[in-house]
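S.K.: Just passing along the structure, written as structure tokens.
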Amino acid sequence: MSAAAKKAIEAGHIWSFPGGIHPPERKELSNSSAIAPLALAENYAVPVKQHAGAPAEICVAVGERVLRGQPLTESTTGQGLPIHAPTSGTVTAIGPGRIAHPSGMADVVIRIQADGEDEAVLTEGITDYSQVSRAELLNRIRLAGVAGLGGAGFPTAQKLALQRPIDYLIINGVECEPYISADDRLMREHAASIVDGAEILLHLAGCNKGLVAIEDNKPEAIEAMRKALHEHPHLSLRVVPTKYPSGGEKQLIQLLTGRQVPSRGLPIDIGLIMHNVGTAYAVSRAIRNGEALTERVVTVTGEAVRQPGNYWVRIGTPVAHVLQQAGFTSSGDQQRIIMGGPMMGFTLPDVDVPVVKISNCLLVPSTAELAPAQQEMPCIRCGACADVCPAQLLPQQLQWLAKAKDHDALEQQNLFDCIECGACAYVCPSEIPLVHYYRKAKAEIRNIAREKAKAEIARERFEARNERLEREKEERLERHRKAAEARKKAQAEQVKSGGDNPNDAVQAAIARAKARKAAQQKAAAEQQSSNEDKS
Amino acid sequence: MTFKLAASPHSHQRRTTQQVMRWVYLALIPGLLTLIYFFGWGVIWQLGLAITTAWVAEAICMALRGRPIGFAWRDHTALVTAILLAISIPGLAPWWLIVIGTAFSIVIVKHVYGGVGQNIFNPAMAGYVVLLISFPVQMTSWPLPAPLSQFDLSFIDSAVLIFTGYTPNGFDLEQLRMGADGMTMATPLDSLRTALNHQLTMGEALQQPIFGSLAGIGWQWINLAFLLGGLVLLKVRVISWHIPTGMLLGLAIPAAIAWLFSPDQSVSPVMQLFSGATMLGAFFIATDPVTAATSNRGRLYFGLLIGFLVFVIRTWGGYPDAVAFAVLLANMTVPVIDKYTQPVAYGHGERS
């Protein structure tokens, strides 16, 4: 990063990003009351994989009693993120169960029946982390099961372990998605811990500049964070204008630094690293208190719940329990249960699925506030989608190409730079579910690439086998030829040294056979002549 | 219990294609009223004929294509095509003219290409050009603007003329088009072309009674009214500024250059901007999203090209006005414009 660019960033300049929309925010529904603890559920279902990457290995057995914060999985390789028991109780089952995923797919879950004691494992915190090695701190964060709580669920320690030069650490408290106020409330109530976590992250990232970004529609959170940041010269506050999706990683980077993350690259490629405020809070808890990640703030909102607000929800709590506690009444067969916000959240087929580390919101709208999708009309190429696309793509072109399954052209039009923010579909006057088409096209292209890679491997294997067979055949022939040669040579040497020539034996045998034949003929002739004599 | 599944986003802005189209024809009202004021009630009859034809043609096409008919009517695109064509042709033209034109627009230009969103050419303008080439006399027989006309046709008289070719008093269109001096008068742009072809200077040409303070009598007000409607569309963000600005600049800049170099032989930029179908074209016709370029930069070039073509055709072409030809020619270039104006996606530019 150039000195001039850094100077502008230091000066607090806020750049802008193209496109974006201003959907109704509806945050007032949930942001007015403090985060409330949710009553314990009777049963929990903790999916073993809640982060981006491979799961760790299960280390408990059915029937075993577990305590809150006790790891249910552990990794032997140092990769993979452990999950922990959300409360004390008994492991009742380990097996497939529906998880929170757009496809409604099943994965391995560990079911725990709570005993109501909520007994936790003993933990030990670190007061002065500067006295502890970096590796040890990272390991603690990993063992606490901390993953990015902003949405992607990338293991935090893994992100920090990349040892590359970092100019700025960005703490993302933008929370641009309508309805959601989990980060807002967390910042208002736990600003000091968030700042502490940010300092730990700065220490681990090996950089001395941090930017804390908040959207200007959260004045209370801004005030709380401003106060908490008072004694922290390395961290500065950046208030960004309210516009969706300014909290998207790429968009926020553009807002704060004027730079763009290279296509298919990572923020660290341009010397930046970003963590969500919730993650910073979890890091602080993990280091200072030695606490594992067993709960998170979840916004429960929408007009179909009586008590919308934010709750401390244990990881693994069934959605049904959360909704019941918030006073949910279904508004009929059009009722949607959305995990996440109205722009990027996904609908749940049923409420048995558990809350996981990345579940920031449960939105249960009435049909009046979020009308169900209307019938799709033909595209009139009005271009409203292109005007709001923050990635500067041409959504309508992508839509035509996706429908035509023109995969080469889709890649040429940078389909994979689409962040699926949904701004295009939000403004489309023909109500075309654009993002849905892009997701489908992306999946198709990935599948084809995977099939191609598989076919390539199969072909290589087949060719290698043919080559091997050919080689073996040649080797065999060569071996035979050599053996024959060796035999001939041995014979010749034997003859030379005056030994029996095997050929002589053959000649002798032939001579013997001839002699025998001649003797037989002679005997027969004699017998004939004697018979003639008798007659 | 199971719940409804839906793809994100779950929130949607309530502006439908239908609403977009409704804004378009609401914004046409000032222009339409001015048109009626200066050229009489015939415009209303043309509108009625065009809309009826469009709906019938649309229904037949949808039925033949095995699609639900209501579905097509609901988006109002056929309505906008019909309105644009009806206000583009002379108000007292015989009834069959608009029927042929509208049917061609809807059946051939729109549905044969695949219906809404699939057509390459602007339906209204393609219909207009077909009529202009096939029936040049009827298509250029504009009545005199009201202040110059000796006749004042009633609503019913206009209908009788349109359907029978004669007014109840026995006048035909040619007679109605005569000025006080007994000469028929062409439109301002046509008059200028004829005058310049006859080696008159611009000063002499503008002596004719058809010219007003800004441009032609009547025409200047009609253009101003369409400009007003266009500004409304800009304000409510139904259209973006790129195409209208591009087209007006594309026309005004070469016109200004030509005028600066030889003011006696060229039509002034002001006259160009407020004559013929300039404003209607810039705000309502060229902005048809289906047949325009897709990116904002592309739209600017698309507009500039149309404006420049209008200048070229008005100056050297065989027809007095040029918006329809210019739009169709520019429609053909859209794929090329789109190819070379694709915006640089996030993460691909130099800032990444």
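The values are calculated or read from the model by the stated rules, or taken from the named source; none is laboratory data. These numbers come from a predicted model, not from an experiment. All Cβ positions, glycine included, derive from the backbone under ideal geometry; neighbour counts span all protein chains shown.
Conditions tested, residue by residue: (1) away from chain A (no Cβ under 14 Å); (2) polar (S, T, N, Q); (3) outside any loop (DSSP other than H, G, I, E, B).
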site: B:S266; (1), (2), (3): yes, yes, no
site: B:G276; (1), (2), (3): yes, no, no
site: B:F283; (1), (2), (3): yes, no, yes
site: B:V290; (1), (2), (3): no, no, yes
site: B:G298; (1), (2), (3): no, no, yes
site: B:G303; (1), (2), (3): no, no, yes
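S.K.: I would also like to ask the following. What about A:A114, is it in contact (Cβ under 8 Å) with a residue 12 or more places away in the chain, under 30 Å from A:A135 (Cα atoms) and over 17 Å from the mean Cα position of the chain (by Cα)?
M.R.: So A:A114 fails the test.
S.K.: A further question on this structure: Identify the residue in the stretch A:321-343 that is within 11 Å of chain B (Cβ to nearest Cβ) and touching a residue at least 40 places away in the same chain (Cβ under 8 Å) and, among all such residues, is nearest to A:N43 (Cα to Cα).
M.R.: Looking at the filtered set, the residue picked out is A:L323.
S.K.: When residues of the stretch A:229-276 are filtered for being within 19 Å of the chain's Cα centre (by Cα) and within 14 Å of chain B (Cβ to nearest Cβ), how many remain?
M.R.: 9
S.K.: Residue under question is B:G114, and the condition is that it be more than 14 Å from chain A (Cβ to nearest Cβ), free of Cβ contacts under 8 Å to residues at least 12 places away in the same chain, in a loop (DSSP other than H, G, I, E, B) and surrounded by fewer than 18 Cβ atoms within 10 Å (Cβ to Cβ); does it hold?
M.R.: no
S.K.: Has the stretch B:14-23 got at least one residue that is polar (S, T, N, Q) and at pLDDT 90 or above?
M.R.: no
Residue by residue, here is whether (1) within 14 Å of chain B (Cβ to nearest Cβ); (2) part of a helix (DSSP H, G or I); (3) of a type in the set (A, V, I, L, M) holds:
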{"residue": "A:M1", "(1), (2), (3)": "yes, no, yes"}
{"residue": "A:K6", "(1), (2), (3)": "no, yes, no"}
{"residue": "A:W15", "(1), (2), (3)": "yes, no, no"}
{"residue": "A:P23", "(1), (2), (3)": "yes, no, no"}
{"residue": "A:A39", "(1), (2), (3)": "no, no, yes"}
{"residue": "A:V46", "(1), (2), (3)": "no, no, yes"}
{"residue": "A:P86", "(1), (2), (3)": "no, no, no"}
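S.K.: Now for a separate question. What number goes with the only condition from (1) touching a residue at least 40 places away in the same chain (Cβ under 8 Å); (2) surrounded by fewer than 20 Cβ atoms within 10 Å (Cβ to Cβ); (3) not charged (D, E, K, R) that A:M105 does not pass?
M.R.: In the conditions (1) touching a residue at least 40 places away in the same chain (Cβ under 8 Å); (2) surrounded by fewer than 20 Cβ atoms within 10 Å (Cβ to Cβ); (3) not charged (D, E, K, R), A:M105 misses (1) alone.
S.K.: Could I ask something else about it? Do we have any residue at all in the stretch A:439-449 that's among the small types (G, A, S), surrounded by 10 or more Cβ atoms within 10 Å (Cβ to Cβ), away from chain B (no Cβ under 14 Å) and free of Cβ contacts under 8 Å to residues at least 24 places away in the same chain?
M.R.: There is at least one residue in the stretch A:439-449 that is among the small types (G, A, S), surrounded by 10 or more Cβ atoms within 10 Å (Cβ to Cβ), away from chain B (no Cβ under 14 Å) and free of Cβ contacts under 8 Å to residues at least 24 places away in the same chain.
S.K.: If you don't mind, another one. When B:G349 is evaluated against the numbered criteria (1) surrounded by fewer than 24 Cβ atoms within 10 Å (Cβ to Cβ); (2) in contact with a Leu (Cβ under 6 Å, 6 or more places away or on another chain); (3) of a type outside the set (V, I, T); (4) over 27 Å from B:G115 (Cα atoms), which criterion, by number, is the only one it fails?
M.R.: (2)
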